[in-house]
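J.: One structure is given below, represented as structure tokens, and several questions about it will come after.
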Amino acid sequence: MALLEINGLVKVFGGLRAVDAVTFHVEQGEILGLIGPNGSGKTTIFNCISNFFPITAGDVLFKGKSIKGLKTHRICHLGIVRTFQVVKPLARMTVLDNVTASAFCRVGSLKEAKDEAYKALDFCNLSSEKDKLAKSMPIGGRKRLEIARALATKPELLLLDETAAGLNPSELDEAIELIQRIRETGITILIVEHIMKVIMTISDRIHAINFGQTIAEGTPQEVANNPAVIEAYLGEEYAQG
């Protein structure tokens, strides 16, 4: 049984079918990359999984049970947590307090929450930044802070939404290494990413969508060579070439 199953997922906004009968699964312990051009529906799928948007049709199963319609905080308690494209930490709080606040998802005391926060900060190489205000962090630090906040909830499934966007080359390498270390702890990862160096390096499998519909799935090499994927990213003339 897959850890996460997306079955015929549909999301409609007015007359726009943003996600159109998408089906895929994520096996426990793997990294599945979700790719597609801008506006293809990737983040909408994340929003449907976490119930930021109600699902129009289809279903989402976690460990074989439907989570459709559950409150977002309940989905987090079950073990699914996501990051966001545009990171918005609690700007006037310290890095430590940001992560401590997230840890209360799992623990009931301040001491326990801080213990979990210190662990997450250490894992994300942010311990030396713990007393800084979140708003003072550069983009690379804010991206790692977003991941630390997610890890503090002790997820089984981590949804990463463009974690590498805006990073310089050295930060990209650090992001790849961090994601791989997260997987080594046993956390399953579903990642949306535009930077192909990241997605091709870390993914076990890739699911590609365009205009809200599945166009390919397979290993990174299989998807990279798929004509439908090449056409979606580069145009029909490249796919035919």
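The values are calculated or read from the model by the stated rules, or taken from the named source; none is laboratory data. It should be emphasised that the depicted structure is a prediction, and the values quoted were computed from it without experimental measurement. Because the Cβ atoms are built from the backbone with ideal geometry, glycine has one as well, and the counts that use them run over all protein chains shown.
J.: Filtering the range 104-114 down to residues that are at pLDDT 95 or above and within 14 Å of A148 (Cβ to Cβ), which residue is surrounded by the fewest Cβ atoms within 10 Å (Cβ to Cβ)?
T.: Among those that are at pLDDT 95 or above and within 14 Å of A148 (Cβ to Cβ), it is K114.
J.: Now, a different point. Looking at G39, G33, can you tell me which residue is small (G, A, S), modelled with pLDDT of 95 or more and under 21 Å from T83 (Cα atoms)?
T.: Working: G39 fails: modelled with pLDDT of 95 or more.
When all the criteria are applied, what remains is G33.
Okay, residues lined up against (1) of a type outside the set (G, A, S); (2) part of a helix (DSSP H, G or I); (3) in the same structural domain as Q28 (by TED's automatic domain parsing); (4) out of contact with any Ser or Thr (no Cβ under 9 Å at 6 or more places or on another chain):
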{"residue": "E177", "(1), (2), (3), (4)": "yes, yes, yes, yes"}
{"residue": "R183", "(1), (2), (3), (4)": "yes, yes, yes, yes"}
{"residue": "K197", "(1), (2), (3), (4)": "yes, yes, yes, yes"}
{"residue": "M200", "(1), (2), (3), (4)": "yes, yes, yes, yes"}
{"residue": "H207", "(1), (2), (3), (4)": "yes, no, yes, no"}
{"residue": "A216", "(1), (2), (3), (4)": "no, no, yes, yes"}
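J.: Moving on. Filter the range 72-93 for residues that are under 18 Å from the mean Cα position of the chain (by Cα) and of a type in the set (D, E, K, R); which is surrounded by the most Cβ atoms within 10 Å (Cβ to Cβ)?
T.: First, pick out the residues of the range 72-93 that are under 18 Å from the mean Cα position of the chain (by Cα): 72-89.
So of that shortlist, the ones also of a type in the set (D, E, K, R) come out as 74, 82, 88.
Numbers: R74: 12, R82: 23, K88: 9.
That would be R82.
J.: Take L158 and tell me if it is within 18 Å of the chain's Cα centre (by Cα), within 19 Å of F46 (Cβ to Cβ) and buried (at least 20 other Cβ atoms within 10 Å of the Cβ). Break it down into steps so the answer makes sense when it comes.
T.: Details: within 18 Å of the chain's Cα centre (by Cα): yes; within 19 Å of F46 (Cβ to Cβ): yes; buried (at least 20 other Cβ atoms within 10 Å of the Cβ): yes.
Criteria met by L158.
J.: If you don't mind, another one. Please give the helices (runs of 4 or more DSSP H) falling wholly within the range 16-134 in which 3 or more residues are closer than 27 Å to E171 by Cβ.
T.: Numbers: elements: 42-49, 72-78, 95-103, 110-123.
In the range 16-134, 42-49, 95-103, 110-123 are the helices (runs of 4 or more DSSP H) which contain 3 or more residues that are closer than 27 Å to E171 by Cβ.
J.: Go through (1) among the aromatic types (F, W, Y); (2) over 27 Å from Q180 (Cβ atoms); (3) touching a residue at least 12 places away in the same chain (Cβ under 8 Å) one by one and return the number of the condition F13 breaks.
T.: Evaluating F13 over (1) among the aromatic types (F, W, Y); (2) over 27 Å from Q180 (Cβ atoms); (3) touching a residue at least 12 places away in the same chain (Cβ under 8 Å) leaves (3) as the failure.
J.: Select from the range 46-77 the residues that are in contact (Cβ under 8 Å) with a residue 60 or more places away in the chain, out of contact with any helix residue (DSSP H, G or I) (no Cβ under 6 Å at 6 or more places or on another chain) and not aromatic (F, W, Y) and list them in ascending order.
T.: The answer is I49, K63, G64, C76.
J.: While we're looking at this one, here's another question. Looking only at the range 178-222, how many residues end up being of a type in the set (F, W, Y) and crowded, with 23+ Cβ neighbours inside 10 Å? Quick ask: steps written out before the conclusion?
T.: Start the filter on the range 178-222 by keeping residues that are of a type in the set (F, W, Y), which leaves 211.
Adding the requirement that they be crowded, with 23+ Cβ neighbours inside 10 Å leaves none.
Adding up the residues that qualify gives 0.
J.: If I filter the range 1-15 down to residues being under 18 Å from the mean Cα position of the chain (by Cα) and assigned to a strand (DSSP E or B), which single residue comes out as surrounded by the fewest Cβ atoms within 10 Å (Cβ to Cβ)? Talk me through it step by step, then tell me what you get.
T.: From the range 1-15, those under 18 Å from the mean Cα position of the chain (by Cα) are 2-6, 9; that's our starting set.
Okay, now just the ones that are also assigned to a strand (DSSP E or B), so 4-6, 9.
Values: L4: 22, E5: 18, I6: 24, L9: 24.
Only one residue tops the list, namely E5.
J.: Being assigned to a loop (DSSP other than H, G, I, E, B) and small (G, A, S) is the filter; apply it to the range 218-241 and report the residue that is modelled with the highest pLDDT.
T.: Kept after step one, since they are assigned to a loop (DSSP other than H, G, I, E, B), are these residues of the range 218-241: 219, 225-226, 235, 241.
Subsequent filtering for residues that are small (G, A, S) retains 235, 241.
Values: G235: 72, G241: 52.
Looking at residues that are assigned to a loop (DSSP other than H, G, I, E, B) and small (G, A, S), I get G235.
J.: Looking at the range 164-175 only, could you name the residues that are in a helix (DSSP H, G or I) and touching a helix residue (DSSP H, G or I) at 6+ places or on another chain (Cβ under 6 Å)? Don't jump to the end; show me each part of the working.
T.: Kept after step one, since they are in a helix (DSSP H, G or I), are these residues of the range 164-175: 169-175.
Once the filter is applied, which keeps residues that are in a helix (DSSP H, G or I) and touching a helix residue (DSSP H, G or I) at 6+ places or on another chain (Cβ under 6 Å), the range 164-175 yields only E171.
J.: Next question, about the same structure. Quick one: I215 ticks every box in (1) within 12 Å of the chain's Cα centre (by Cα); (2) under 24 Å from T23 (Cβ atoms); (3) among the aliphatic types (A, V, I, L, M) bar one, so which box is it?
T.: (1)
J.: Only one residue in G69, G36 is surrounded by fewer than 15 Cβ atoms within 10 Å (Cβ to Cβ) and on the phi > 0 side of the Ramachandran plot. Which one? Before the answer, list the steps.
T.: Working: G36 fails: surrounded by fewer than 15 Cβ atoms within 10 Å (Cβ to Cβ).
Testing whether each residue is surrounded by fewer than 15 Cβ atoms within 10 Å (Cβ to Cβ) and on the phi > 0 side of the Ramachandran plot leaves just G69.
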